[in-house]
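Asker: Before anything else, here's the structure in question.
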């Protein structure tokens, strides 16, 4: 692979909805599954503007979810709001759960309840992030089934450590992922300082639509020796999460 494209690939890895190829939904008629009515997309009241949701959006992004969350616990947490579809975001290759999901709410009022009342509240001791996530042109939404996984099928727990790729010659830059939303420059500097790896620069990656932190970034070190020391921390816990580290060759000549 052309090394100049590696950083772009890393950035896109956590934005699965743009890369996913889903089949077009085949019906807009209301259906009932497990005693729950799925409201059709053309229902006139579904996207009605309301307080806290002036655009009538029903699709939400949920972040900082606990790795043990499942459909039942999420539905219970969101009450009295009701969801109709969930799309878990996972690693395409490993199935590792990223701790985030897209959900379709029953209507715009329920979406507003989640964004206004649930954002920042704790689910299994983790303050979740809830934001409106309007569909982009070309998106197929909602998914073809109530519970859907973007990427490889979600693996249990999602806490496994992914092996690093082969180290490029002269590499001084690392990709870092599965980061807490509370991480900052000082925190990452102290983390790598534990192995005497002095940081030259840090770049955090955010969602281009919302500006929200994706939980990933890139760290550049002053030399290859420091970079190698930092890489030994792959899988170590930082702010309660096992950090994922890999080599980045975008700055290698």
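The values are calculated or read from the model by the stated rules, or taken from the named source; none is laboratory data. Note that the coordinates shown come from a computational prediction; the quantities given were computed from them, not determined experimentally. All Cβ positions, even for glycine, are placed from backbone atoms using ideal geometry, and neighbour counts span all protein chains on display.
Asker: Condition first: touching a helix residue (DSSP H, G or I) at 6+ places or on another chain (Cβ under 7 Å) and more than 22 Å from residue 89 (Cβ to Cβ). Now tell me which residues in the range 175-192 satisfy that.
Answerer: Hit for the range 175-192 is 192, nothing else.
Asker: If I ask for residues that are farther than 20 Å from residue 180 by Cα, in a strand (DSSP E or B) and touching a helix residue (DSSP H, G or I) at 6+ places or on another chain (Cβ under 8 Å), which ones from the range 195-246 would you list?
Answerer: 221 - this is the single residue of the range 195-246 that is farther than 20 Å from residue 180 by Cα, in a strand (DSSP E or B) and touching a helix residue (DSSP H, G or I) at 6+ places or on another chain (Cβ under 8 Å).
Asker: With the checklist (1) modelled with pLDDT of 85 or more; (2) closer than 26 Å to residue 138 by Cα in hand, flag the one item residue 22 doesn't pass.
Answerer: Looking at each condition in turn, residue 22 falls short on (1).
Asker: For the range 139-157, state whether one or more residues are at pLDDT below 85, more than 28 Å from residue 68 (Cβ to Cβ) and assigned to a loop (DSSP other than H, G, I, E, B).
Answerer: Yes, the range 139-157 has at least one match.
Asker: OK, next. For residue 115, state whether it is assigned by TED's automatic domain parsing to the domain that holds residue 72, in contact (Cβ under 8 Å) with a residue 40 or more places away in the chain and either in a helix (DSSP H, G or I) or surrounded by fewer than 22 Cβ atoms within 10 Å (Cβ to Cβ) (or both).
Answerer: It is true that residue 115 is assigned by TED's automatic domain parsing to the domain that holds residue 72, in contact (Cβ under 8 Å) with a residue 40 or more places away in the chain and either in a helix (DSSP H, G or I) or surrounded by fewer than 22 Cβ atoms within 10 Å (Cβ to Cβ) (or both).
Asker: Applying the selection to the range 68-99, what residues are in a strand (DSSP E or B), in contact with a helix residue (DSSP H, G or I) (Cβ under 9 Å, 6 or more places away or on another chain) and under 14 Å from residue 129 (Cα atoms)?
Answerer: Correct list: 98 only.
Asker: Next question. Which one of 65, 60 is part of a loop (DSSP other than H, G, I, E, B), crowded, with 18+ Cβ neighbours inside 10 Å and either in contact with a helix residue (DSSP H, G or I) (Cβ under 8 Å, 6 or more places away or on another chain) or free of Cβ contacts under 8 Å to residues at least 40 places away in the same chain (or both)?
Answerer: Of the residues listed, the single one that is part of a loop (DSSP other than H, G, I, E, B), crowded, with 18+ Cβ neighbours inside 10 Å and either in contact with a helix residue (DSSP H, G or I) (Cβ under 8 Å, 6 or more places away or on another chain) or free of Cβ contacts under 8 Å to residues at least 40 places away in the same chain (or both) is 65.
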